[in-house]
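Enquirer: Encoded as structure tokens, here's the structure I'll be asking about.
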Amino acid sequence: HSPDLTQVGALLARNADAIRKDPSSLLNSLTTEMPDVDRRVVEDAGIRDLLMLNYLSAVGESGEAKTAGPDEPDGPAAPMGWVDDLVSFRKPWGFAPQSIEGVPVLLWHGEHDVFAPVSHFHWLAERIPGARAVLQPSAAHFAALPALPPILAWVRDQARTGG
């Protein structure tokens, strides 16, 4: 069923306000759910700093109240990027993954990711023709950060060779 965007937006707005006040609060709250491999990744000070900047960027750095419409309560604006992400799991994307052709695609996923379902990775890998699917057996969610340099190198190499 379709999510109630008003309720989702209100929940995310409350979470966003807490993150604006203390950017480490989100990461700290997730620590209990993380597998050990993720805990080791986020213990790195540079990665933690990067995540804090990312969280602040996602929620906007100010907690200013939005101007409410006639049917909207006053309060901090919902982080619409997060709302869009949640809705994208429930609504058609406007294209079929099977229609992706002629463009190199690399899918990377940590097998122990508890925040993004590995089943979605498999679903995409089965549907995107010619996709290179990399399921990292020793990785989880936050291992995507240290995996980013080789992924970007792959993108660079694909651009140089014309894919």
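Read-outs throughout are calculated quantities, based only on the coordinates presented, and are distinct from any laboratory measurement. Bear in mind that the values here come from a model prediction, so they are computed numbers and not experimental data.
Enquirer: Which cross-chain or sequence-distant (5 or more) residues have an amide H under 5 Å from the amide H of Ala133, H modelled 1.01 Å from N in plane?
Expert: Residues meeting the amide H criterion: Leu107.
Enquirer: May I pose another question? If you plug each phi of the stretch 20-34 into the Karplus form 6.51 cos²θ - 1.76 cosθ + 1.60 with θ = phi - 60°, what whole-Hz ³J(HN,Hα) values come out, in order, with x for Gly and Pro?
Expert: 4, 6, 8, x, 6, 4, 5, 4, 4, 6, 7, 4, 5, 8, 6
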